[in-house]
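The values are calculated or read from the model by the stated rules, or taken from the named source; none is laboratory data. Since the structure is predicted, the reported quantities are computational estimates derived from the model, not experimental observations. Neighbour counts run over all protein chains shown; Cβ positions are idealised from the backbone, glycine included.
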Number of protein chains: 2
Amino acid sequence: MKRIADSTVRRLSAYLRFLEDFEARGLSTISSDELARQGGTTSAQVRKDLSFFGSFGKRGLGYSVPELSTRLREILGLGREWRVIILGAGKIGAALAHYEGFRQRGFQILAAYDSNPEKVGRKLEGIPVRGIAHLERDVAKEKPDIAVITVPADAAQQTLDLVVRAGIKAALNFAPTQLHAPADVTVKTVNMAMELEGLSFALVNR
Amino acid sequence: MKRIADSTVRRLSAYLRFLEDFEARGLSTISSDELARQGGTTSAQVRKDLSFFGSFGKRGLGYSVPELSTRLREILGLGREWRVIILGAGKIGAALAHYEGFRQRGFQILAAYDSNPEKVGRKLEGIPVRGIAHLERDVAKEKPDIAVITVPADAAQQTLDLVVRAGIKAALNFAPTQLHAPADVTVKTVNMAMELEGLSFALVNR
């Protein structure tokens, strides 16, 4: 399959949310215009995004809401449970462990890891905090799919290196720094300041 | 100016980070190929993104690192301080109040607001927690630019309505729900589950 841009994947996630909203309201079809309007994009963009994954919808009739949402869940890998660990039992780690949106989507948090012996053995929002020294052994046994990195910026690369060495192939990084990983490991960085920059841009360019 | 897509603004924020990294290393020029490589995009995309804002760079010489980074800071509205308030003094609010990346970028958090009288009058990571009933009065006086909404999903729309009524024109929403605002108010939703879906997509489609 052709390489799909991150921005396309983000839009697919957004479309799925609108479709689920439609399903909850008992609506059975949706037009590309309506999906575009809700997503703040164009109907041409919606059709292009979906065309990567085969043919959907009938000209003039729109998309079947249940069919398209099922297909989007498959495309996004949401048909199964994903096992997640959190690296760094600090404030961001606690907020994520508490976050209700993860479980709803099938992302199950197994454990948090920290290097601070005062945190190890405690619970973080109901999730066990383990010593970072046990990471490799635990990963071999429990096979988590995704590591979420919430350590400070200056410890983030070495933490990712541990995660990679343990065999995990996907990481979500919250540290405000760019990380490097081998080509077979997918790393996404969530930069909170970048989100605010989208707003400062809007405020100065309106 | 033409309407600029959110995904373009995100890439501009990312380019600025790479340029700052280059500046810190004392490099004076950068090619669109190098910016593209770091950003996981194409050089044609880089040139297109920058062309929205005028002409940059010289063919064959690349972009001047200090000039382009200065210009990107201007475009993103980063030449000034932005005043931010947090709605919801819970775990996500605490993580954001603590987040070091905001101050670095000129986003100053003035206060947090909560409806829970047990939280009001306390501090959240050094930031005062105030009663939500005082929002309108405080906004009139202190003129914050951006509201960050971290209340539970079922309270998010009514919180945004209060923010809008108080006269704030930009909001960053962390509640896992779609919010509606008048056309002159910019709302961006940060969906943590959507970030994880980018990884589950990568894991099933590699």
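What the table below lists for this structure:
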item: Scope region B:1-47; condition part of a loop (DSSP other than H, G, I, E, B) and surrounded by fewer than 16 Cβ atoms within 10 Å (Cβ to Cβ); matching residues; result: B:M1, B:K2, B:R3, B:R25, B:G26, B:L27, B:S28, B:S31, B:G40, B:T42
item: Test: residue in region A:79-99 that is on the phi < 0 side of the Ramachandran plot, over 18 Å from the mean Cα position of the chain (by Cα) and buried (at least 21 other Cβ atoms within 10 Å of the Cβ); result: yes
item: Search result, residues across region B:79-92 that are touching a Phe, Trp or Tyr at 6+ places or on another chain (Cβ under 9 Å) and of a type outside the set (V, I, T); result: B:E81, B:W82, B:R83, B:L87, B:G88, B:A89, B:K91
item: Those helices (runs of 4 or more DSSP H) lying entirely in region B:80-173 with at least 3 residues facing chain A (nearest Cβ under 10 Å); result: B:91-98, B:100-104
item: Flag if A:D114 is in contact with a helix residue (DSSP H, G or I) (Cβ under 9 Å, 6 or more places away or on another chain), assigned by TED's automatic domain parsing to the domain that holds A:L172, over 30 Å from A:S51 (Cα atoms) and crowded, with 21+ Cβ neighbours inside 10 Å; result: yes
item: Region B:147-174, residues that are closer than 19 Å to A:G40 by Cα and among the small types (G, A, S); result: B:A170, B:A171
item: Total residues in region B:48-68, condition part of a helix (DSSP H, G or I), in contact (Cβ under 8 Å) with a residue 12 or more places away in the chain and out of contact with any Phe, Trp or Tyr (no Cβ under 8 Å at 6 or more places or on another chain); result: 1
item: Tally, over region B:176-206, of residues that are among the hydroxyl-bearing types (S, T, Y) and over 19 Å from the mean Cα position of the chain (by Cα); result: 1
item: Whichever residue in region B:100-110 is surrounded by 21 or more Cβ atoms within 10 Å (Cβ to Cβ) and not aromatic (F, W, Y) and, among such residues, is modelled with the lowest pLDDT; result: B:R105
